[in-house]
Amino acid sequence: MSKSIKITSFDAAESGAFGDVLNKSNDAGILKVGLLGLGYFEYWRMYPQLQEIVRKDLDGVFKRLVKSLDTVKIIYPGMVDTLDRAEVAGAEFAAAGVEIIIVFEGTYIPDFITIHALNRAGTGAKVILVNSQTGHDVCPHDDYMATMRNSALIGISQLTGSFRKMKRDYDLVSGEIVEPAIYKEIRCIVQAHIAVRKLKKCTYGLVGHVFRGMYDLEFDTAKVKGFLGPEVMTIQAEHLIELWNKIDSRELESVSEKLFRRFRNRKIELDDVKRSCRIGLAMKKLKEKFNLDGLCFLGQHYIEKMTGAPARMGASMMLEEERFMVACEGDIGGLVMMQLMHDFTGNIPFQAEWGQFDRTHNALFLLGHGIASPELAGNDKNVTLTRSPEEWGFKGSGLNYEMIMKPGPVTMGHFLNVGESWQMLISEGEAIKFPCLPCDEIHAMIKVETPVEDYIRQVLKKGVAHHLIVVHGRIADELASVADSMRIDKLILR
C-alpha cells in the first residue's frame, strides 16, 4: 500500500503537495471562436438566387478568418437564416465552449434570431459585431437585391440598440467584407482576449512588498485579480533563502564563469558574479517549487541585505533563459505589462523609470533597474558587466548590465490603480541610436511624436506610475483592446 501524500499550505514549507498552490501548469487550452454568419430567410423566396450568393459571401468570411486567426479553432455551423438554424448554431457553440462569437450579417436579419443564437450559446461569450458590405462605395447600378446583399448595417444597428437596452457589451468592427483591415482588427481583439484569458490563470509570486513610500505602485490584490487577472501570492523571503542556501556549488561555478566570460566587464570580480548568480538559481527553483507564472521582488534592504548581493542579475537570467517575467520593487502592475508585451511581441521588455527629456532628439531618456535580456542591446558586444550603481546592503561591487536599447519601434506602458479601477498607459515611440552612457545601468533614448516637453507635461498632468515598461515592437492597438477587455481606462500618448 502506497503512503498517502501529506498536503500542507505552501507557507508551512514542508515536503509533499501544497493544498493552496496549483501543483501543475494551468493550461488554458486552445481558444474556440464561433462565427455566426447570418442571412434572412424571407429574402430567399423574393430573390431565389440571393441565398447562394450570401452563402458564398459567408463561406469566404470563414476562410479569411481561419487564415487570420491561425492560433484558434473557429466553429462555423453554416449560414443561420431561421430561428431553428439559430438554435442549432447556438447549441453547437455551447457544446464547443466558444468564448468569442463573431457576428457577420450577409443580409439584414431581425435581432431576435441573432440574439436567440447568442443566448443559446451562453451569455458568457464575448461578442464582436462586424458591419460589413461587399464594396467600399455604393454602386450606382445596384438593384434592390444588391442593396439587400449589403443591408448588414440595418441589422447591426438594430443589434446595437437592443444590446444597449439589454446592457450587453460588444466589440464593433466595420469595413469591406474582403479587406484585410477588418480581419486584422478582429485578430487584435481576439489576441487581447487570449492575453487576458492567460492572465486570469496566472499566479505571481511576491517576495517582499512595494518599496516603502512608493504609493503609486501600491495595489489591492483583489483589484489586481478582479481587473488585471493574476493571483498575487505573497511568498516569505525564507522560502527563497532556503533554496539559496541549497544551491549546488558546481552548478553555481559553471553558470557564473560562463556569464563572466561572455561579456566584457568593468569594476567587478568573479565573486560578484557568483553572489548574484546564486540568487538567480534560487529564483529559478522558487518558480519551479510553487509553479509560478511571474515573480516580483523587493531588492533594496531586503533580498540584498539577506544574501549580500543584488537580485537584478538573477531576474535578468530568468528573463533571458526562461522567458519568465520578473519585476522589482513590488511592481505588480509592471509585471502584468511585461507579460502582455512579451506575449504580443515575443520580445523581452525591460522595466525602466522616467528619466530626462532631450529636446535636440525630441526624445525621452529612460533609466532601467538592471533587469533586462542582453538581446535588448542587439548583441553581446554592446553589453558590459559592471557594478551595481546603487548599494543597498550587498557585499563587494554587486553586478549589473550596462547597455542601451537598440534602435527600432517600441511600445511603452504601465498600470496605475485609480480609485475603484485601473488606468493603462499606452504610448509608442522609436528607440534611437545614441551613445551608451557610462552609467552602470540599462537605459534607452525614445523619440516621441509630440514635442517632448509637451509630452512630459501630458504625462505629469494625467498622472502615471514612475515606472515604465518598454519593449521593441508596435502593439498600442493590442494593448488598447486588452484595456477594453479588462474594463479599465486607457491613457494613450503619442
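The values are calculated or read from the model by the stated rules, or taken from the named source; none is laboratory data. On a predicted model such as this, the values are computed, not experimentally measured, just so you know. Neighbour counts run over all protein chains shown; Cβ positions are idealised from the backbone, glycine included.
Of all residues in region 210-258, those that are touching a Ser or Thr at 6+ places or on another chain (Cβ under 8 Å) and either assigned to a loop (DSSP other than H, G, I, E, B) or on the phi > 0 side of the Ramachandran plot (or both) total 1. Count of region 407-429 residues, restricted to those that are crowded, with 17+ Cβ neighbours inside 10 Å and more than 30 Å from Tyr302 (Cβ to Cβ), is 6.
Met445 meets all of the listed conditions (1) modelled with pLDDT of 95 or more; (2) surrounded by fewer than 20 Cβ atoms within 10 Å (Cβ to Cβ); (3) of a type in the set (A, V, I, L, M, F, W, C); (4) out of contact with any helix residue (DSSP H, G or I) (no Cβ under 8 Å at 6 or more places or on another chain) but one, namely (2). Scanning region 387-428 for residues being in a loop (DSSP other than H, G, I, E, B) and modelled with pLDDT of 95 or more gives a total of 3. Within region 206-216, identify whether any single residue is more than 20 Å from the chain's Cα centre (by Cα) and of a type in the set (Gly, Ala, Ser), and answer yes or no. Yes, that holds for at least one residue. Residues that are in contact with a Lys or Arg (Cβ under 9 Å, 6 or more places away or on another chain), of a type in the set (Asp, Glu) and not assigned by TED's automatic domain parsing to the domain that holds Tyr170 are absent from region 485-494. Applying a threshold of 6 Å to beta carbon distances and a minimum spacing of six or more residues, or different chains, the list of pairs starting in region 452-465 at a residue that is of a type in the set (A, V, I, L, M, F, W, C) and ending at one that is in a helix (DSSP H, G or I) reads Ala465/Asp216. Only a single criterion out of (1) farther than 20 Å from Ala483 by Cβ; (2) touching a helix residue (DSSP H, G or I) at 6+ places or on another chain (Cβ under 7 Å) is not satisfied by Ile128, namely (1). Among the residues making up region 339-368, those that are in contact (Cβ under 8 Å) with a residue 60 or more places away in the chain, more than 14 Å from the chain's Cα centre (by Cα) and not in a strand (DSSP E or B) are Arg359, His361, Asn362. Taking the criterion of being part of a helix (DSSP H, G or I) and touching a Pro at 6+ places or on another chain (Cβ under 9 Å), the only residue of region 180-209 that qualifies is Leu199. One residue alone among Val224, Val210 is closer than 17 Å to Ala465 by Cβ, touching a Leu at 6+ places or on another chain (Cβ under 6 Å) and of a type in the set (Val, Ile, Thr), and that residue is Val210.
For (1) surrounded by 15 or more Cβ atoms within 10 Å (Cβ to Cβ); (2) without any contact (Cβ under 8 Å) to a residue 40 or more places away in the chain; (3) not hydrophobic (A, V, I, L, M, F, W, C), each residue gets a yes or a no:
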{"site": "Val178", "(1), (2), (3)": "yes, no, no"}
{"site": "Leu199", "(1), (2), (3)": "yes, no, no"}
{"site": "Gly208", "(1), (2), (3)": "yes, no, yes"}
{"site": "Arg212", "(1), (2), (3)": "no, yes, yes"}
{"site": "Asp220", "(1), (2), (3)": "no, no, yes"}
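When only residues in region 97-141 that are touching a Ser or Thr at 6+ places or on another chain (Cβ under 7 Å) and of a type in the set (Phe, Trp, Tyr) count, which is farthest from Leu65 (Cα to Cα)? Per the stated criteria, the residue is Tyr108.
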